[in-house]
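Reading through the structure tokens given below for one structure.
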Amino acid sequence: MSAELPSVLDRLAAAGGVRFNFAAALPPVPSDSRFETLTARRPILEAALAAEAAETPGLTLRRGVTVTGLVTQGDRVAGVRLGDGDKLLADLVVDCGGRRSALPSWLEAAGLPAPAEERDDAGFVYYMRHFQGERPEVRGPLLQYHDSLSILTLPGDNNTWAVGFVTSTRDKPLRALRDPAVWSAVLAQYPIAAPWDSGTPLTGVEVMGGLVDRWRRVTTPGVVAVGDAACCTNPSVGRGATMGLLHAQLLRDVLRAGLPASFTDHTAAEIEPWYRATVWFDRHRIAEVDADVNGIPYEPDDPDWFGARALYAAAAAGDAEATRAQIATASMLTLTPEVKVPDKGIRYPLPGPTRPELLATVDAAA
């Protein structure tokens with residue numbers, strides 16, 4: 001965005017967005033500037049983008065207008081049908097309808113082939129709370145891995161933040177985290193994350209499940225899908241917005257080159273590797289969490305998984321080189337880790353309870 005939409009970042013900062021550098025706790029080096037970011041809640045970011053769009057010459061926004069289907073011409077899409085009966089004709093329809101996009105059903109209703117789709121239940125459920133007040137100090141990775149669960153901490157704009165647990169949908173005892181008292185009692189057992197349960201609660205415990213990893217390949221002429229409408233992943237690693245922006249930039253570039261038919265191939269070459277890497281990690285992590293729940297070791301026949309876990313453990317222990325490599329991968333600056341570290345067999349380097357201790361805390365607070 002700093003290269004393509006810098007004025008949006010200016011709007012975001014003016015609206016209370018917080019500048020943040022993931023490498024701030026490390027001895028500084030010049031390359032750390034690549035880790036600078038601006039953090040805000042989604043409504044604030046979307047408001048900044050909407051304001052920019054409203055002032056962009058040649059772009060017309062029509063709010064409160066429902067798209068109900070497609071206009072076709074032979075075997076191609078030629079526009080969209082609106083809820084008021086009107087039609088909008090176009091050389092190209094761009095579906096930015098998100099992970100709940102209706103494009104497949106619209107194509108089928110028009111007698112055109114639906115996109116080829118890969119779909120897999122991610123297997124995670126989130127128990128999140130939002131707060132406002134004096135934002136806690138970031139003392140560790142924003143996504144923290146522990147025995148049988150993960151903890152997600154998200155700094156926001158205007159002295160707000162979110163924190164929550166990421167568990168397996170199959171972990172029945174931890175469904176008690178829906179209760180704010182249980183939620184707080186459990187978070188208190190994790191020293192690095194515990195300070196995030198402070199300030200004024202803006203919500204109770206919000207539960208989010210039913211998440212899927214999905215890849216769609218749209219081949220019908222006249223229509224393309226961008227961002228989550230084309231590929232969506234488990235949100236804990238925070239790649240969805242970046243993948244969407246990169247995908248939109250890619251579409252812009254192929255249209256400028258006059259090669260719209262090449263968009264599918266370019267998507268496969270430039271976006272799909274990130275999707276595959278994210279799904280790879282999700283599948284390993286949910287299998288590891290489920291193994292923790294069942295009290296058995298998780299030992300897959302995949303050396304890359306142990307390499308990823310070793311890098312995380314070294315970063316959590318304060319190794320500066322490993323930390324920078326971990327941040328670069330998490331921030332989508334590089335697909336392949338910049339360094340490798342020896343696997344010392346440390347699965348969960350951050351302080352926190354064992355599974356029996358976790359369940360005892362849940363039982364005591366319920």
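Would it be correct to say that Thr233 is of a type in the set (Val, Ile, Thr) and open to solvent by 50 Å² or more (accessible area, probe 1.4 Å)?
Working: of a type in the set (Val, Ile, Thr): yes; open to solvent by 50 Å² or more (accessible area, probe 1.4 Å): no.
Considered against the rule, which asks whether it is of a type in the set (Val, Ile, Thr) and open to solvent by 50 Å² or more (accessible area, probe 1.4 Å), Thr233 comes out as no.
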>> Quick check on my filter: what residues within segment 262-308 are of a type in the set (Asp, Glu) and under 22 Å from Gly209 (Cα atoms)?
In response: Asp282, Glu288, Asp290, Asp292
>> Looking at (1) in a loop (DSSP other than H, G, I, E, B); (2) open to solvent by 70 Å² or more (accessible area, probe 1.4 Å), which one does Gly318 not meet, given that it meets all the others?
In response: (2)
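Any residue at all in segment 169-182 that is small (Gly, Ala, Ser), in a strand (DSSP E or B) and either closer than 26 Å to Thr329 by Cβ or over 15 Å from the mean Cα position of the chain (by Cα) (or both)? Before you say what the answer is, go through the steps one by one.
The first filter runs over segment 169-182 and keeps only residues small (Gly, Ala, Ser), leaving 176, 181.
Next, only the ones that are in a strand (DSSP E or B) stay: none.
Looking through segment 169-182, none of the residues is small (Gly, Ala, Ser), in a strand (DSSP E or B) and either closer than 26 Å to Thr329 by Cβ or over 15 Å from the mean Cα position of the chain (by Cα) (or both).
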> Is it the case that some residue within segment 267-277 is of a type outside the set (Gly, Ala, Ser) and farther than 20 Å from Ala328 by Cα?
Replying inline: yes
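Quick one: how many residues across segment 117-146 are out of contact with any Leu (no Cβ under 7 Å at 6 or more places or on another chain) and not in a strand (DSSP E or B)? Outline the logic, then answer.
Of all residues in segment 117-146, those out of contact with any Leu (no Cβ under 7 Å at 6 or more places or on another chain) come to 117-121, 123, 125-126, 128-129, 133-139, 141, 145.
In the following step, the residues that additionally are not in a strand (DSSP E or B) were identified as 123, 133-139, 141.
Residues in segment 117-146 being out of contact with any Leu (no Cβ under 7 Å at 6 or more places or on another chain) and not in a strand (DSSP E or B): 9 in total.
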> Name the residues in segment 307-334 that are at positive phi and in contact with a helix residue (DSSP H, G or I) (Cβ under 9 Å, 6 or more places away or on another chain), would you?
Replying inline: Met332
>> Looking at segment 42-72 only, could you name the residues that are assigned to a strand (DSSP E or B) and either open to solvent by 40 Å² or more (accessible area, probe 1.4 Å) or out of contact with any Lys or Arg (no Cβ under 6 Å at 6 or more places or on another chain) (or both)?
In response: Val67, Thr68, Leu70, Thr72
>> Among the residues in segment 285-295, are any under 22 Å from the mean Cα position of the chain (by Cα), within 27 Å of Tyr348 (Cα to Cα), open to solvent by 20 Å² or more (accessible area, probe 1.4 Å) and free of Cβ contacts under 8 Å to residues at least 60 places away in the same chain?
In response: yes
> Yes or no: Ala3 within 22 Å of the chain's Cα centre (by Cα), of a type in the set (Gly, Ala, Ser), open to solvent by less than 70 Å² (accessible area, probe 1.4 Å) and at pLDDT below 95?
Replying inline: no
>> Given the options Arg81, Arg135, Arg139, Arg129, name the one that is of a type in the set (Lys, Arg) and surrounded by fewer than 16 Cβ atoms within 10 Å (Cβ to Cβ).
In response: Arg139
> Within segment 207-228, is there a residue that is open to solvent by 50 Å² or more (accessible area, probe 1.4 Å) and within 29 Å of Ala360 (Cβ to Cβ)?
Replying inline: yes
> Any idea which residue in segment 236-253 is nearest to Arg76 (Cα to Cα), counting only those that are among the aliphatic types (A, V, I, L, M) and open to solvent by 20 Å² or more (accessible area, probe 1.4 Å)?
Replying inline: Ala248
>> For segment 84-95, which positions are open to solvent by 90 Å² or more (accessible area, probe 1.4 Å) and either modelled with pLDDT of 95 or more or β-branched (Val, Ile, Thr) (or both)?
In response: Lys87, Leu89, Asp91
> What tally of residues in segment 54-71 results from selecting those that are free of Cβ contacts under 8 Å to residues at least 60 places away in the same chain and in contact with a strand residue (DSSP E or B) (Cβ under 8 Å, 6 or more places away or on another chain)?
Replying inline: 6
> Among the listed residues Asp75, Asp32, which satisfies the condition of being open to solvent by less than 30 Å² (accessible area, probe 1.4 Å), of a type in the set (Asp, Glu) and either over 19 Å from Gly244 (Cα atoms) or touching a residue at least 12 places away in the same chain (Cβ under 8 Å) (or both)?
Replying inline: Asp32
> What residue, of Ala185, Ala114, is modelled with pLDDT of 95 or more, open to solvent by 10 Å² or more (accessible area, probe 1.4 Å) and outside any strand (DSSP E or B)?
Replying inline: Ala185
> If the Cβ limit is 7 Å and pairs must be 6+ apart or interchain, which residue in segment 129-154 that is within 19 Å of His284 (Cα to Cα) and touching a residue at least 60 places away in the same chain (Cβ under 8 Å) pairs with which residue that is outside any loop (DSSP other than H, G, I, E, B) and among the charged types (D, E, K, R)?
Replying inline: Asp147/Asp292; Asp147/Arg355; Ser148/Asp292; Ser148/Arg355
> From the list Ala277, Ala328, which one is farther than 27 Å from Ala194 by Cα and under 20 Å from the mean Cα position of the chain (by Cα)?
Replying inline: Ala277
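The values are calculated or read from the model by the stated rules, or taken from the named source; none is laboratory data. Computed from a prediction, not measured in an experiment: that's the story for all the values here. Please note: Cβ atoms are built from the backbone with ideal geometry, for glycine as well, and neighbour counts cover all protein chains shown. Side chains included, ligands, DNA and RNA excluded: accessible areas come from the protein's heavy atoms. Shrake-Rupley method; radii C 1.70, N 1.55, O 1.52, S 1.80 Å.
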